[in-house]
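Data block below; observations after.
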Amino acid sequence: MGRTRRRLLAAIPLLLCLAATMAHAQQEQLFRNSWFWGLHAGTTAIGTPAHSTTQAGTVGAEWMITRTDGGLYVSYDQASFSRTAGIADPSASNGTRPVALHDLRTVSIGGVAFPWHSGHFRPYAGLGYALSLIGSADIQPDSLNTPVPSGLGSTVDDARSRSSVFALAGAQWQISRTAIFAQASFIPSSSQFLVTKPITSITAGVRYNFGTSIAGQ
């Protein structure tokens, strides 16, 4: 009886090690070659020449396809705000025509890399291409109420949208098929866009693994 008990006690570390290895393998299987769909919310820094940079509430949805150490990231974000920008107009009283801006919509697509992981924790970084669009941009009267020149509307429409590179960095904590994450994204400034200052978003959310991204598995 004593010998059997000693054997059982000696086997406990091996069983615990085997259980941990199996759990780790299962966790890896639930990350690699998977389709993740997610929702996130947070804040976006919006800045124009007429206003200093302020924060705008942001919501979004995303889709991520993973491989072993990388993947594809696609997202849609909407930042809700009301700000005043300006566009060059020689006929205006101070040479700048005010433009009222409302909301910012951004579609992003890029590649992500997962350089290492520790248990359930997995940091990542990415680089890609973003298309940003101001929801509405309405030309306003200047201080002297001078007439708006013809053609200025087309100029404003052109400055409502822009395409640019973007950078992404974040980390997720995954248990089974569910991952909680936080991330930051950055779009550089552009003088050709009505939001002239860099656009930085900080969001957090949840992703869920809906299954394999490899056909036949």
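Per this entry, residue 160 is not counted among residues that are basic (Lys, Arg) and under 19 Å from the mean Cα position of the chain (by Cα).
Residue 176 meets the stated requirement of being surrounded by fewer than 12 Cβ atoms within 10 Å (Cβ to Cβ) and at pLDDT 90 or above.
Taken residue by residue, the stretch 129-138 has no member that is surrounded by 19 or more Cβ atoms within 10 Å (Cβ to Cβ), closer than 19 Å to residue 39 by Cβ, within 17 Å of the chain's Cα centre (by Cα) and hydroxyl-bearing (Ser, Thr, Tyr). The number of residues in the stretch 157-188 being closer than 20 Å to residue 130 by Cα and touching a strand residue (DSSP E or B) at 6+ places or on another chain (Cβ under 8 Å) comes to 20. When we screen 93, 80 for residues that are loosely packed, with under 15 Cβ neighbours inside 10 Å, touching an Asp or Glu at 6+ places or on another chain (Cβ under 8 Å) and touching a residue at least 40 places away in the same chain (Cβ under 8 Å), the only hit is 93.
Would it be correct to say that residue 37 is touching a residue at least 60 places away in the same chain (Cβ under 8 Å), under 24 Å from the mean Cα position of the chain (by Cα) and surrounded by fewer than 15 Cβ atoms within 10 Å (Cβ to Cβ)? Full working, then the answer.
On the way: touching a residue at least 60 places away in the same chain (Cβ under 8 Å): yes; under 24 Å from the mean Cα position of the chain (by Cα): yes; surrounded by fewer than 15 Cβ atoms within 10 Å (Cβ to Cβ): yes.
For residue 37, the condition - touching a residue at least 60 places away in the same chain (Cβ under 8 Å), under 24 Å from the mean Cα position of the chain (by Cα) and surrounded by fewer than 15 Cβ atoms within 10 Å (Cβ to Cβ) - is met.
For the residues 193, 181, the requirement of being surrounded by 16 or more Cβ atoms within 10 Å (Cβ to Cβ) and either farther than 29 Å from residue 36 by Cα or out of contact with any His (no Cβ under 8 Å at 6 or more places or on another chain) (or both) singles out 193. Taking the criterion of being aliphatic (A, V, I, L, M) and either crowded, with 17+ Cβ neighbours inside 10 Å or closer than 16 Å to residue 36 by Cα (or both), the residues of the stretch 96-113 that qualify are 99, 101, 104, 109, 112, 113. Here the stretch 44-66 is the region considered, the condition is being small (Gly, Ala, Ser) and surrounded by 16 or more Cβ atoms within 10 Å (Cβ to Cβ), and the residue that is modelled with the lowest pLDDT is 47.
Of all residues in the stretch 120-140, those that are under 19 Å from residue 96 (Cβ atoms) have Cβ atoms under 6 Å from Cβ atoms of residues that are β-branched (Val, Ile, Thr) and part of a strand (DSSP E or B), 6 or more apart or on another chain, in 137/99; 139/99.
The values are calculated or read from the model by the stated rules, or taken from the named source; none is laboratory data. The structure displayed is predicted, hence computed values, not measured ones. With ideal geometry, Cβ positions are generated from the backbone for all residues, glycine too; neighbour counts draw on all protein chains shown.
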